[in-house]
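Have a look at the structure below before the remarks.
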Amino acid sequence: MRIGGIQVDGRLFLAPLAGVTMLPLREFFAEHGASLTHTEMVSCAGLVRDNAKSLDMLATSGRDAPLVVQLFANDAGVLVSGGEVVLRQIGGRFAAFGINMACPMPKITRNGSGSALLRKPELACDMVRGLKALGLPVWVKIRRLEDDADTLRFAGGLVRAGADNVCIHGRTQAQRYEGLADRSIIAAVAREFPGMISASGDVRTCDDVTEYLGMGCAGVMAARGALSNPFMFEEWRGEFRTRDGKISELVNFSLRADEISGEHKALVLMKRLAGSILRNEYGSAELRRLAMMSTSLGEIISILDRRK
Ligand SMILES: Cc1cc2nc3c(=O)[nH]c(=O)nc-3n(C[C@H](O)[C@H](O)[C@H](O)COP(=O)(O)O)c2cc1C
């Protein structure tokens, strides 16, 4: 099926997670059922300046496809220049451009990027039009605004400007990641723009996915739910692993992450995923504490293996 101009094999996607959705993690999720992945947040100002860190974030292996390259900027010209750098580097590897209009963190919003753009609808639409002219589909991720009518108007403006998909996180900028995500406003926008809206917020179980899709959303993005259950995409597809099976998949992941990103980053990512195994069992609190304190991959793997 096609969603937002991208050929996908399902409707449950891995949400963008800055600092987490590095290449090995994207590969893991794509190979374990996610129908689409996102890069980390890439600064267009950084790309234009040839900043090595920003350029490194474009690395992909093709095993993480279909992949949306998530860009941020506070200016349409800089965004488009960043998009041009992406296309020159490895444009053929990305299924779509993503524009971040959702990040609430002050280091991003203080410069007018991320969710600060929610207060600048004209600039937001200019960004979509500019990027769209480069030829790839454009996906935009926004947040709910305080006022529902404003959310509807903002999302509608993006769609009319040419956005192929608008993902709405049902929390406001002020809520950041706290409290419950509001589903009713996402449903209202999805009704207005059928096939164009994806949902984000409190996606933890298959029931959450079913509910969002039932509201008419084209796709659903799993974020923290995917980290606390890395096998949720497979479960959504009706595939279930034993605990030993899950452990061996995570061990394989740690080896691949070590190979691509080095032991430090591999350990950081393993700590994100290991909790899913060490949960709800006798002694699991202590094992999780030990896992979080691990200083090497060998150590965290031996803690997981102890549960076999
Ligand atoms: C660690 C972390 C990093 C995130 N990074 C991004 C990001 O780079 N871009 C973005 O649009 N949203 C980002 N988000 C928001 C998520 O994509 C998602 O919208 C949010 O967590 C709500 O979903 P959830 O309640 O299911 O976790 C991030 C969230 C977390 C927890």
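This table checks each residue for (1) under 19 Å from residue 199 (Cα atoms); (2) within 16 Å of the ligand (Cβ to nearest atom); (3) among the aliphatic types (A, V, I, L, M); (4) open to solvent by 20 Å² or more (accessible area, probe 1.4 Å).
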site	(1), (2), (3), (4)
104	yes, yes, no, no
109	no, yes, no, yes
114	yes, yes, no, no
127	no, yes, yes, no
135	no, no, no, yes
143	yes, yes, no, no
152	yes, no, yes, yes
159	yes, no, yes, yes
Among residues of the range 1-47 being within 14 Å of the ligand (Cβ to nearest atom) and of a type in the set (Val, Ile, Thr), the residue surrounded by the fewest Cβ atoms within 10 Å (Cβ to Cβ) is 20
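One line per residue, one yes/no per condition, for (1) out of contact with any strand residue (DSSP E or B) (no Cβ under 7 Å at 6 or more places or on another chain); (2) modelled with pLDDT of 95 or more; (3) among the aliphatic types (A, V, I, L, M):
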site	(1), (2), (3)
238	yes, yes, no
247	yes, no, yes
253	yes, yes, no
260	yes, yes, yes
264	yes, yes, no
Could you say which residue among 64, 50 is assigned by TED's automatic domain parsing to the domain that holds residue 145, surrounded by 21 or more Cβ atoms within 10 Å (Cβ to Cβ) and part of a loop (DSSP other than H, G, I, E, B)?
64
For residue 87, indicate whether it is surrounded by fewer than 22 Cβ atoms within 10 Å (Cβ to Cβ), assigned to a helix (DSSP H, G or I), more than 13 Å from the chain's Cα centre (by Cα) and away from the ligand (no atom under 14 Å from the Cβ).
yes
Can you name every one of the helices (runs of 4 or more DSSP H) wholly within the range 187-306 that holds 3 or more residues which are without any contact (Cβ under 8 Å) to a residue 12 or more places away in the chain?
206-214, 243-261, 284-293, 297-305
Restricting attention to the range 21-47, the residues that are closer than 21 Å to residue 255 by Cβ and either of a type in the set (A, V, I, L, M) or not in a loop (DSSP other than H, G, I, E, B) (or both) number exactly 12
Can you find a residue in the range 249-266 that is more than 16 Å from the ligand (Cβ to nearest atom) and within 22 Å of residue 11 (Cβ to Cβ)?
no
Might you check whether a residue that is assigned by TED's automatic domain parsing to the domain that holds residue 213, touching a Gly at 6+ places or on another chain (Cβ under 7 Å) and polar (S, T, N, Q) occurs anywhere in the range 158-165?
yes
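The values are calculated or read from the model by the stated rules, or taken from the named source; none is laboratory data. What you see is a predicted model, and the numbers here were worked out from it, not measured in a lab. FYI the Cβ positions are ideal-geometry reconstructions off the backbone, even for glycines, and counts take in every protein chain you see. Ligands, DNA and RNA are stripped out before the accessible areas are found, and what is left, the full protein with its side chains, is counted by its heavy atoms. Shrake-Rupley method; radii C 1.70, N 1.55, O 1.52, S 1.80 Å.
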